[in-house]
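Visitor: Please see the structure below; I have some questions.
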Amino acid sequence: MAPLNPYTYIQCPCSDSASLGRPSDATSPTSAEADDEDNTFDPRAPRANFSLYPLEYLLYCEDCHQIRCPRCIAEEIATYFCPSCLFEVPSSNLKSEGNRCTRSCFQCPICIGPLSVTSIETPPSDPNLLAPDRAATQHSTYSLICSYCNWSSTEIGIQFDKPNSIHAQLAKIRNGGASRLTAKERKERRKELSHRGGEAAVAAAAAAAAASETSGGQDMDLETQFANLKLFYNSQLADPNAGDNGFSSLGDLGFSSPSSLSRIMNLYTGGKLHDPRAKSKLGAMREAITADEGLLEPDLDESSLISQLHRSDFLDTASSTQVCSQPPNLGEPHLHGAARFNSSLRPAPYLLRTKRSKRCPVCRHIISKPEAKVQTTRFRIRLVAGSYIPSISIRRLNLPGSNGPGAPAILGDLLEPLKPVHFLLTFKNPIFESLKVTLGAPAKTPGRFPSKVTVLCPQFDIDANTDVWDEALKDNDRESSGRSRRRAGTESQFQVEVGKIWERGRNWVSIVVEVVPASLKLEQGQDLLKEDEDVLEIPMFVRIEWEVENGGDDATTGSGRDKDQKEKRELAYWCVLGLGRIKQG
Amino acid sequence: MSGLGSGAVAAGSTPLPHRSVANIRSPHTSSNVNPSTPASSSRPLPSSSFGSPSSLRADEDILILELGTRKLQIGFAGDACPRGTVWFTPSQLRRVGDFRDWSSESKTNVDWKTKKVTGERWWSRDHELWEYDVREADLGLIGDKVERALREALTRYMLIDSRPRRMVCVLPSGLPLPMLSAVLDSLFSRLQPPTVSLLSLPVALTVGAGVRSSLIVDLGWRETVITSVCEFREVNTSRSVRGGRLLVEQTHKLLAKHLPENQKKKADNTSDNAEDYDLSFEECNDIATRMVWCKPHLSSPAAPKSGKGLPTLHEQDESDVAAAGSSTEALKTVRIPLRSCRSPTTIELPWEALAEPSENTFFDSQYTESSFDDHELPLPLLVYRSLLHLPLDVRALCMSRIIFTGGCASVLGLRGRIFGEVSKLIEERGWDGVQGKGADQMRANPKLRGKKGSRQASSGPKGVTSPSEAVENREQDGVWHDAANTTHDVCPVEEQLKRGQDTRPRVQGRMRAIESVGAWSGASLIAHLKAAPVSTIEREAWLQYGAAGASKPSEVDQKSARQSLGPGGLIRGSAASNSWTLGVWGMN
């Protein structure tokens, strides 16, 4: 079992169950308990995992004075770039070229390592021809090679003529080396066909149709079929005879509209016997009939693939993670969504990434804005929550009296069940005002194994985060003014007192929490321990209050309107303290 | 940290250009807005044009979202395939910042066992979005899962900002209303699309195949659903639990049986706890997708057999031939490395054994027909019965437009096998729902059979199929039709009218499978062609009324409710006054 470092998670106030609308899980035991304990936040409820964030993930809106988590932030994209070549992609390309790098950045389909273009040295057919100009005249080919797992694109039968614009070349090659038409070429070919006038066009179209009907079934890849279907539907919808109700029956569930009634009537009375004049009014869009119109009859006989599977080893087949990381392959005929063999995997172009600036969804102020340049990692604006709300750090406190022979407590030590343990919570104030903190924690942690929790000092003040040098200069004064600042050396003072702060510093305060871990003994008939059920987690409601002085140090007053009086602010949120694992058995 | 903060603060105190723009856009002062529930703030967010030059186009982009039990697919309308696919995995259920899955320790063999939780199907549950059993479902959790997967898809694959966009949602038509409501809640409150349109999966598939009627055989994860679509309407649905989940469980059974530790155990006692798993779901799922195959159907039986007791006979026959055909091949073994069992090992399986899971999952042909419950019919029988339930004309259309889809359609040989067995069933039984000894006797007895009976009887045992009859009939019709045409052909106006029309007959009455580009791509086509979806839900209406605000589909005048999906086609004033429906999902 991995040792557990104490951690703190904060629940963003945006995901209060009230704001989420319906009390959905009224029947589940967790919410019933929550009702009993007056809406104590249960960190073990499955939904809690979706609203808890470490402090580092949270931002803060200065104008709304509110924490903003990744769920309650409006994002805008500053830059699109390829993570491999760091080339910035204009946003207009994204729609047309897709979400992957269209240069020569590829990932290995086997191990996701980066691929590099390497020239393949063809073995000289004539060994005694060692003329110096040979290298220049020889037509060399290139392949993509993974430097990590040594995979090469020659394994799937793909070689390139040029070392650059690999993406465009790859789009024209099928696995195994056969070439394919890209969408653009297909369009041009079609245009060519339609431009040829008169009978020639008809004949050519017929020939093409015939050709595609014979060989088309196998050749038709997803992209082609989609394009054919699109063309077919467009022509049908544009057909004046087809009337206006091409897809209308998609929206027609009832039989109320006259057009659907007439069509249904036509279905039953119609057919070949019907009066052709009446049929002309039918006007329903017809179906695709040929492969050119997108109709594809699959080859249901997969015995060749089965025998290929039979011949191949387990490791010749692509694992599901490998298949998942493949980009959707438009160039292959239907494989029903999945490449099966390693030989059918293709190099995956890198997914593009974005730099995003973030806004508060309520007041639209920017709360995070990165530098536009791809290479820099700096931010122009970044209002992280850590510089607005106090951070909480957890340390195990070893009292010489209670814990026997004062062995230093190691972090990640297992907690002894039913034995009181003390933890030191240190709250650190990041802002330039003094904070008033109020803590609330349930006496028993929610869940199957309730541990007893006592916060010994639930209410305290933290001094402002003043300048470090001020503090250093004032240090002597404070000492003399009798603030209860404890020193580590004075052993006699190590005594836990209720209602007293344990230790206090310039901008931090430590308090003690006493915990009696529950016993994890399972009774007869109880279910086994769930994952992480042995971790002692305390839900704690933190409420902080502070007053903002206007005029002087306007650290937190972005919008200083009322100049004279002090403005009182407060912020309240749930957080979860993970203290440690309880010993089992 | 404080340096960063103070820098930002300094920036905040001076009126920066971006702030002033923001203030123009939203006249509300920040101080009096309660920010606690940004999602539900009634003020519509301005579809702003900050920063990105693509802002004008953003309104035109329609997002197509397909939700399945195990994955979510998303992309833009008009694209041939989705840009991103996100699978629902247990790691999505973890907290943000919990990187446990990346640690090397999580890959160790027994770690997945500690995840063992209560309840049924704990083994595969975290890999699924929903279970259709609404009684135990945590709807909020479903909404959260959808939201997180969607966010991942939007950030990783779509690369779009969070400006509101219209969405089209492709959903299985059997989705219970509470689930649909949870999904819509999540979409509307978190991503704020102005409208969400709903499309049913079978209809999108039908459009994606280029036909108007079809029989969709969706070999899905949770169950296999067979839907007949006639003229873009779903007319009949039948389902069976024989789906992907069962396949993976059967694969586990097979692998566990061959584990060395279990083989030893088997010598001791044979009783085995069904709820106990020796291997992780991930590994079994992986092996099921990689190695499991399906024995082919014998397309041409040498001798016609009697319909009675067919399945057992058939199975025997098949194994004989398979053994004869590949007697040397059958000896081949497949080595499969297993890592999630107690001690990592490599097991050797005979090649034939790898066809067992699919055999047991989809066919179970060693049992008689009467031993199956309604929810677990073998697939060929299910397809046959759902065809049988259809009216004659619909059946003729549907049987020649069979579309196989779903994850299990990629099990090698499965589609061909189902198709072949259904054809054989039709050949043997015709379109007679009555089976059994009594019916056979009745057919055999010339005194008892009436006029109709004689026709059926002749079609049954002799193998003269009704489809071929239908073809004959059509040909007869065709002849007559031609004759009729020759008499009427003089009218030039008709000629004019007929020119644009297609006179080619529709294929019907024979078994034929066709390929669809897929539900997502079908929906992409529909949205691209600006067809009106079954139901379009406006954000305000949903947030105000929820599912209760929907009116029954029959009560809505479709002509007035219809909206175009095209840019500018959405007339807000009229749309707001209209009532809206939930389509097939709001029927009851």
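The values are calculated or read from the model by the stated rules, or taken from the named source; none is laboratory data. The structure presented is a predicted model; accordingly, all values stated were derived computationally and were not measured. Glycine also receives a Cβ, built like all others from the backbone with ideal geometry; neighbour counts cover every protein chain displayed. Heavy atoms of the whole protein, side chains included, go into the accessibility calculation; ligands, DNA and RNA do not. Shrake-Rupley method; radii C 1.70, N 1.55, O 1.52, S 1.80 Å.
Visitor: Looking at the stretch A:24-56, which of its residues are of a type in the set (A, V, I, L, M, F, W, C) and at pLDDT 85 or above?
Guide: Correct list: A:Ala48, A:Phe50, A:Leu52, A:Leu55.
Visitor: Tell me yes or no: at least one residue of the stretch A:572-585 is modelled with pLDDT under 85, open to solvent by 10 Å² or more (accessible area, probe 1.4 Å) and within 22 Å of A:Lys428 (Cβ to Cβ).
Guide: No.
Visitor: Also, quick follow-up: Identify all residues within the stretch B:224-246 that are of a type outside the set (Lys, Arg), open to solvent by 10 Å² or more (accessible area, probe 1.4 Å) and over 17 Å from B:Ile403 (Cβ atoms); write none if there are none.
Guide: Result: B:Val241, B:Leu246.
Visitor: Further question: Conditions: (1) β-branched (Val, Ile, Thr); (2) open to solvent by 30 Å² or more (accessible area, probe 1.4 Å); (3) at pLDDT 70 or above. A:Ile166 meets all but one. Number of the miss?
Guide: Unmet for A:Ile166, out of (1) β-branched (Val, Ile, Thr); (2) open to solvent by 30 Å² or more (accessible area, probe 1.4 Å); (3) at pLDDT 70 or above: (2).
Visitor: Just to check your reading of the model, which residue among B:Val134, B:Val211 is in a loop (DSSP other than H, G, I, E, B) and crowded, with 24+ Cβ neighbours inside 10 Å?
Guide: The conditions single out B:Val211.
Residues checked against (1) farther than 30 Å from B:Ile347 by Cβ; (2) part of a loop (DSSP other than H, G, I, E, B):
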residue: A:Ala288; (1), (2): yes, yes
residue: A:Asp301; (1), (2): yes, yes
residue: A:Leu305; (1), (2): no, no
residue: A:Gln308; (1), (2): no, no
residue: A:Thr321; (1), (2): no, no
residue: A:Gln326; (1), (2): no, yes
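Visitor: Could you check the stretch A:310-319 and list, in sequence order, the residues that are in a helix (DSSP H, G or I) and under 31 Å from the mean Cα position of the chain (by Cα)?
Guide: A:Leu315, A:Asp316
Visitor: Out of everything in the stretch A:148-180 that is assigned to a loop (DSSP other than H, G, I, E, B) and free of Cβ contacts under 8 Å to residues at least 12 places away in the same chain, what residue ends up being farthest from A:Leu231 (Cα to Cα)?
Guide: Checked the stretch A:148-180; the qualifying residue farthest from A:Leu231 (Cα to Cα) is A:Asn150.
Visitor: Looking at the stretch B:150-187 only, could you name the residues that are more than 17 Å from B:Ala547 (Cβ to Cβ) and free of Cβ contacts under 8 Å to residues at least 60 places away in the same chain?
Guide: If the condition is that a residue be more than 17 Å from B:Ala547 (Cβ to Cβ) and free of Cβ contacts under 8 Å to residues at least 60 places away in the same chain, then B:Arg151, B:Thr155, B:Leu159, B:Ser162 are the ones that fit.
Visitor: Which pairs turn up if I take residues in the stretch A:461-475 that are at pLDDT below 75 and look for partners that are of a type outside the set (Ser, Thr, Tyr) with beta carbon separation below 7 Å, at least 6 apart in sequence or on another chain?
Guide: A:Glu471/A:Arg506
Visitor: Among the residues of the stretch A:426-475 satisfying the criterion of being among the aromatic types (Phe, Trp, Tyr) and over 20 Å from A:Ile501 (Cα atoms), which is most open to solvent (accessible area, probe 1.4 Å)?
Guide: Across the stretch A:426-475, the extreme among qualifying residues is A:Trp469.
Visitor: Restricting attention to the stretch B:506-528, and to residues there that are more than 7 Å from every other protein chain (Cβ to nearest Cβ), modelled with pLDDT under 85 and surrounded by fewer than 21 Cβ atoms within 10 Å (Cβ to Cβ), which single residue is nearest to A:Ala288 (Cα to Cα)?
Guide: Looking at residues that are more than 7 Å from every other protein chain (Cβ to nearest Cβ), modelled with pLDDT under 85 and surrounded by fewer than 21 Cβ atoms within 10 Å (Cβ to Cβ), I get B:Val507.
Visitor: When the residues of the stretch A:336-353 are narrowed to those that are open to solvent by 30 Å² or more (accessible area, probe 1.4 Å) and either within 7 Å of chain B (Cβ to nearest Cβ) or in a helix (DSSP H, G or I) (or both), which ends up modelled with the lowest pLDDT?
Guide: Ranking the qualifying residues of the stretch A:336-353, first place goes to A:Gly337.
Visitor: Could you please find all residues in the stretch B:68-96 being under 30 Å from A:Asp42 (Cα atoms), facing chain A (nearest Cβ under 8 Å) and among the β-branched types (Val, Ile, Thr)?
Guide: The one that is under 30 Å from A:Asp42 (Cα atoms), facing chain A (nearest Cβ under 8 Å) and among the β-branched types (Val, Ile, Thr): B:Val96.
Visitor: On to the next question. Condition check: open to solvent by 20 Å² or more (accessible area, probe 1.4 Å), more than 30 Å from A:Pro43 (Cα to Cα) and not aromatic (Phe, Trp, Tyr). Does B:Gln250 satisfy that?
Guide: Yes.
Visitor: Return yes when A:Glu514 is under 38 Å from the mean Cα position of the chain (by Cα), open to solvent by less than 90 Å² (accessible area, probe 1.4 Å) and modelled with pLDDT of 85 or more and no when it is not.
Guide: Taking the combined requirement at face value, the residue satisfies it.
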